[in-house]
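Trainee: This is the structure I have questions about; it appears just below.
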Amino acid sequence: MHRRTLLSASLGLASLGGLAYWGSRASALPELTAHTGGGRAFGTTVSIRVLHEDPRTAQAAIAEALRHIRQVDALMSLHQPHSQVYQLNATGQLANPDPHLRQVLDYARQLASQTGGAFDVTVQPLWLAFSQAQAQGALPAPAAMAQAKALVNWQDVRVEADQVRLTQPGMAITLNGLAQGYAVDLALAALRAHGITHALLDTGEFGAIGHKSGDQPWVLGIKNPRQADTLAARVPLDGRQLATSGDYETVFSPDFRHHHIFDPATGDSPTTLASATVLAPTGLMADGLSTAFLVMGADKALALAAALPQVDALLVGKDGSRRKTAYFPELTA
């Protein structure tokens, strides 16, 4: 989960290095002071910036938001042995799943159905096949890919109130295309519960409430998928949450043909899009849809976006072409 190679917003923290961009440096809202906080989650640094008149309230809100972010990471990590996703993958079953895990898995099933299976949390065996081959300086053999692909089927995940089961031996799930967006939603709810009305946060996906200054929105710079020092777009946040998926975050071949996002239908990476940026009402939706759209390709992705309320998308092709929904907000100056 290292989305900072895709896009970033400046939260005024040195940990974000040179990846920052969020528009002009206008003064904060009248009588409000900027407060920042951050920590480690999802294998990277997460950051929060709030504007509030009371430092104690601001820091309490930030601490609570960070607690929720870490909670999601602890539940859904692929690598932490105590996480419920790790335990599910290790044994094929999980008793008493946390309500947050059930909610994310329920949305994963909904999204898989909406996208005709283009989004599928059971692609983890494909990731493992490519990762193991990469350690040997190669791509997986056709037999290894076929074996992994045979384990990919979102309908073989059974989610019930008291248990989750993977019905095929050897199956494994990944929530890397949902967990960071869901963490955005929980963190924003925590900030609002403390009376915060202006904030920007970065879990690898982005969420914002209110404004950056006066009536000026928070603005994110979307990285160009092939030119790291240029932007594909500048996007003002309008109360929706934003996520980007790209073919260059983790690559298994230098030509970007094989990377960390997989098309369940082929067992390999999708071939037409380099990045997909999505604005949606929730971080969970934005995160999942950005992955799904990269797999679906531009025509199907734009058709689905048009059918979903308050969803907009910017799609950049491997050839550098750009397509977007009619109301995708983009600053030109």
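The values are calculated or read from the model by the stated rules, or taken from the named source; none is laboratory data. Note that the coordinates shown come from a computational prediction; the quantities given were computed from them, not determined experimentally. Glycine also receives a Cβ, built like all others from the backbone with ideal geometry; neighbour counts cover every protein chain displayed.
Trainee: Quick one: count up the residues across region 90-133 that are acidic (Asp, Glu) and under 11 Å from Val157 (Cβ atoms). Working first, answer last.
Mentor: At the first step, the residues of region 90-133 found to be acidic (Asp, Glu) are 98, 106, 120.
Add one more test, that the residue is under 11 Å from Val157 (Cβ atoms), and what stays is 106, 120.
Final tally of qualifying residues: 2.
Trainee: Taking the stated definitions as given, is His68 at pLDDT 95 or above and under 24 Å from Leu200 (Cα atoms)?
Mentor: Numbers: at pLDDT 95 or above: yes; under 24 Å from Leu200 (Cα atoms): yes.
Yes: the conditions hold for His68.
Trainee: Now a separate question. So, in region 248-266, exactly how many residues are surrounded by 22 or more Cβ atoms within 10 Å (Cβ to Cβ) and either of a type in the set (Lys, Arg) or in contact with a Leu (Cβ under 7 Å, 6 or more places away or on another chain) (or both)?
Mentor: 2
Trainee: Continuing with this model, one more query. For region 214-260, name all the residues that are of a type in the set (A, V, I, L, M, F, W, C), part of a loop (DSSP other than H, G, I, E, B) and either closer than 18 Å to Asp319 by Cβ or more than 18 Å from the chain's Cα centre (by Cα) (or both).
Mentor: Trp218, Ala228, Phe252, Phe256
Trainee: Tally time: how many residues in region 238-253 are within 18 Å of Lys212 (Cβ to Cβ) and touching a residue at least 40 places away in the same chain (Cβ under 8 Å)?
Mentor: Here the count works out to 4.
Trainee: State yes or no: is Gly204 among the small types (Gly, Ala, Ser), touching a helix residue (DSSP H, G or I) at 6+ places or on another chain (Cβ under 9 Å) and crowded, with 23+ Cβ neighbours inside 10 Å?
Mentor: Working: among the small types (Gly, Ala, Ser): yes; touching a helix residue (DSSP H, G or I) at 6+ places or on another chain (Cβ under 9 Å): yes; crowded, with 23+ Cβ neighbours inside 10 Å: yes.
So Gly204 fits the description; yes.
Trainee: Assess whether Val152 counts as being closer than 21 Å to Leu294 by Cα, at pLDDT 95 or above, out of contact with any helix residue (DSSP H, G or I) (no Cβ under 6 Å at 6 or more places or on another chain) and outside any strand (DSSP E or B). Quick ask: steps written out before the conclusion?
Mentor: Working: closer than 21 Å to Leu294 by Cα: yes; at pLDDT 95 or above: yes; out of contact with any helix residue (DSSP H, G or I) (no Cβ under 6 Å at 6 or more places or on another chain): no; outside any strand (DSSP E or B): yes.
Answer is no for this residue.
Trainee: Oh, and also: Report yes if some residue within region 257-268 is more than 18 Å from Val123 (Cα to Cα) and not aromatic (Phe, Trp, Tyr); otherwise report no.
Mentor: So in region 257-268, the residues more than 18 Å from Val123 (Cα to Cα) come out as none.
No, that holds for no residue.
Trainee: Also: Can you name the residue in region 127-164 that is surrounded by fewer than 17 Cβ atoms within 10 Å (Cβ to Cβ) and of a type in the set (D, E, K, R) and, of all such residues, is farthest from Ala243 (Cα to Cα)?
Mentor: Asp162
Trainee: Still on this structure, please answer the following. Exactly one condition in (1) at pLDDT 95 or above; (2) closer than 27 Å to Thr250 by Cβ; (3) crowded, with 20+ Cβ neighbours inside 10 Å; (4) not charged (D, E, K, R) is false for Tyr86; which is it?
Mentor: (3)
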